[in-house]
Amino acid sequence: MAESMKGLKRTCRCAELCEENVGQKVTVMGWVQKQRNKGGIIFVDLRDRSGILQIIFENGQIDPDGFAKAEKLRSEFVIAVTGTVVRRSGAVNENLVTGAVEVRAESIRILSESDTPPFPIEPDSRTKEELRLKYRYLDLRRPDLQNNLIMRSRVAMLIRQFLAEEGFLEIETPMLTKSTPEGARDYLVPSRVHPGNFYALPQSPQLFKQLLMCSGYDRYFQIARCFRDEDLRADRQPEFTQVDMELSFVDEDDVIDVNERLLQRLFQEILNVDIALPIRRMTWQEAMDRFGSDKPDLRFGMELKDVSDVVRGCGFGVFTGALENGGSVRGINAKGQGAMPRKKIDALVKYAKDFGAKGLAYLSINEDSTYKSSFAKFMTEEELQKLVEAMDGQAGDLLLFAADQNKIVWDVLGNLRLEIARQLDLMDKDDFQFLWVTEFPEFEYSEEQGRYIAMHHPFTMPVEEDIPLLATNPEKVRARAYDIVLNGTELGGGSIRIHQNDIQEKMFEALGFTKEQANEQFGFLLDAFRYGVPPHAGLAYGLDRLIMLMAKQESIRDVIAFPKVKDASCLMTDAPNTVDEKQLEELRLDITETEAGQGA
């Protein structure tokens, strides 16, 4: 039967005790990690969020009732123990912070008993993630997950402290907003008092933070909850947290400077890692040409090489055909992998096809400098030699080539580069390589919508000399946008905002918006801009991704207390779920059945 805490006060957490506390009487409380009964003496590992402490219950040193309670302890019982801190009677446990001491129990209360958990509460659990997420409240007791969330809390506090020192104001923006479907899908919330109308949950505080600049608040930030109804992957969730900021009377260098110093502070204080400033910068075009990605991983080489001019006019139709159709031929050099078995190369070809490749050309350079290739028979010895030289090929190297439109070639080789690096274990999690990627394209063409859409959002300022191209060649317009990238992951992005009405009108025209459509979606912002808007800029980080990389985890689910799974459901609460008919009636909503029998 569970006992009361009445009269007891916890004096410290388990792992706060050390040799300096020897001789002190303490009261500790927590969960039983395990119990070992040696007859006249019982050892209990007691766990709380700080760590583990060994408790000794010795028959004769504690009253018979207390020893009997210790005998019945099982994993995850919650107990309170009062006793004296002593030096370990056995060998010091180097694996525990408290490994040099233990508590000799004088009294015990069982505050709560526990059923046998569905899986062991231990670090680096091998239990299937689905089961752990179903019992997430148990999973969160694991020390490694607790350490991740403790780090997350520390990072959030440091961000607030740093930005306050830099003159930022923390201001909350609404969670129930107007739907402006330009980009990812909104989560919609039906209104009871306005039947047939809907709020949207914010994808970001973008419009409101720009309005705050119009209102003269100068420097704003918010650790904001955001929502996007999009397909999930390891670094995405339907609800996520942004470190959001906006600044007035600034340019790119001002925004980058404050954020570089913020990152430097975080990594120094949390990980004791010194981030050298300034962080290198690279244009979007250079990043795509060299790495096939706008979020390149700089921890290893294997850069793309454009060999279009080298193979132009050669006898291999795949290469020449791509060039004739306005594409390019590019390759990567997997140094020292020339002896890769054909089976592995075939697997790489299959992997490349997942990213749009029709195939993948390869050339292995043997140790005697002869070649083994999928296309050598179509080229002369001289053409092959020039190609190998252009790729800096040496004996023992494996050269891989893609030929197609630039977008496909970049996507194929950029992802192939990462896959080979994973196979060769080239991604050192202790190596933090930051990069600013700048001058993104302002637009990208959407085949689905049949028009240009904003790569970031419709309020991103174009590079000044490209403004005349808005009406004639929108695909060539560069944006004054910047992303911060770490180890191949986009941590966040931002831009200089448009604050001149004439440029904003040209932007909407390039996006295919009529004045009526622009006013319908963004009228409140455009109205505000009529009353004196300062030049402004901003940036937002994905806090979940940042913590994931700092904690050296593979998925953001490991740094979020209660995450969703890939279909955006919660295995623990069984959300989303049906609701009561009365609730639907109040909202004037009807659920109809589709042919497949699913609600629609």
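The values are calculated or read from the model by the stated rules, or taken from the named source; none is laboratory data. Values in this document were obtained by computation on a predicted structure and should not be read as measured data. Please note: Cβ atoms are built from the backbone with ideal geometry, for glycine as well, and neighbour counts cover all protein chains shown. Remember, those area values only see protein heavy atoms, side chains included, never the ligands or the DNA or RNA. Shrake-Rupley method; radii C 1.70, N 1.55, O 1.52, S 1.80 Å.
For residues in segment 317-350 being open to solvent by 70 Å² or more (accessible area, probe 1.4 Å) and assigned to a loop (DSSP other than H, G, I, E, B), which is farthest from Ala376 (Cα to Cα)? Among those residues, the one meeting the criterion is Asn325.
Working only within segment 243-302, note down all residues that are basic (Lys, Arg) and either within 18 Å of the chain's Cα centre (by Cα) or surrounded by 14 or more Cβ atoms within 10 Å (Cβ to Cβ) (or both). Arg261, Arg265, Arg281, Arg290, Lys295, Arg299, listed by residue number. Looking only at segment 288-309, which residues are assigned to a loop (DSSP other than H, G, I, E, B) and either closer than 20 Å to Glu439 by Cα or in contact with a strand residue (DSSP E or B) (Cβ under 6 Å, 6 or more places away or on another chain) (or both)? If the condition is that a residue be assigned to a loop (DSSP other than H, G, I, E, B) and either closer than 20 Å to Glu439 by Cα or in contact with a strand residue (DSSP E or B) (Cβ under 6 Å, 6 or more places away or on another chain) (or both), then Gly292, Ser293, Asp294, Lys295, Pro296, Asp297, Leu298, Met302, Leu304, Val307 are the ones that fit.
Scanning segment 316-361 for residues that are out of contact with any Gly (no Cβ under 9 Å at 6 or more places or on another chain), of a type outside the set (S, T, N, Q) and closer than 15 Å to Leu304 by Cα turns up Val329, Gly331, Ala334, Leu360. Here Ile453 fits the description: in contact (Cβ under 8 Å) with a residue 60 or more places away in the chain and among the hydrophobic types (A, V, I, L, M, F, W, C).
One residue is enough: does segment 500-512 have a residue meeting the conditions basic (Lys, Arg) and more than 21 Å from Glu444 (Cβ to Cβ)? Within segment 500-512, none of the residues are basic (Lys, Arg) and more than 21 Å from Glu444 (Cβ to Cβ). Contact map, segment 79-98: first residue closer than 17 Å to Asp48 by Cβ, second residue open to solvent by 80 Å² or more (accessible area, probe 1.4 Å) and assigned to a loop (DSSP other than H, G, I, E, B), Cβ cut-off under 7 Å, separation 6 or more or different chains; pairs are Ala80/Met5; Val85/Gln24. Considering only segment 111-158, state which residues are among the aliphatic types (A, V, I, L, M) and either farther than 27 Å from Arg225 by Cβ or in contact with a Leu (Cβ under 8 Å, 6 or more places away or on another chain) (or both). Leu111, Ile121, Leu131, Leu133, Leu140, Leu149, Val155, Ala156, Leu158 - these are the residues of segment 111-158 that are among the aliphatic types (A, V, I, L, M) and either farther than 27 Å from Arg225 by Cβ or in contact with a Leu (Cβ under 8 Å, 6 or more places away or on another chain) (or both).
Look at (1) of a type in the set (Ser, Thr, Tyr); (2) more than 30 Å from Leu546 (Cβ to Cβ); (3) modelled with pLDDT under 95; (4) surrounded by 15 or more Cβ atoms within 10 Å (Cβ to Cβ) and you find that Ser125 fails only one, number (2). Filtered by the rule that a residue be in contact (Cβ under 8 Å) with a residue 12 or more places away in the chain and out of contact with any helix residue (DSSP H, G or I) (no Cβ under 7 Å at 6 or more places or on another chain), segment 467-492 gives Glu475, Ala479, Ala481, Asp483, Val485, Glu490, Gly492.
Residues that are open to solvent by 20 Å² or more (accessible area, probe 1.4 Å) and in contact (Cβ under 8 Å) with a residue 60 or more places away in the chain do occur in segment 574-586, at least one of them. Anything in segment 494-533 that is of a type in the set (D, E, K, R) and under 32 Å from the mean Cα position of the chain (by Cα)? List them, or say none. Once the filter is applied, which keeps residues that are of a type in the set (D, E, K, R) and under 32 Å from the mean Cα position of the chain (by Cα), segment 494-533 yields only Arg497.
For (1) within 29 Å of Ala2 (Cα to Cα); (2) touching a residue at least 12 places away in the same chain (Cβ under 8 Å); (3) hydroxyl-bearing (Ser, Thr, Tyr), each residue gets a yes or a no:
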position	(1), (2), (3)
Pro118	yes, yes, no
Asp124	no, yes, no
Lys134	yes, yes, no
Tyr137	yes, yes, yes
Gln146	yes, yes, no
Ile159	no, yes, no
Phe162	no, yes, no
Glu165	no, no, no
Thr177	no, yes, yes
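Against the numbered list (1) surrounded by fewer than 19 Cβ atoms within 10 Å (Cβ to Cβ); (2) of a type outside the set (A, V, I, L, M, F, W, C); (3) within 23 Å of Leu491 (Cα to Cα), Asp186 comes up short only at (1).
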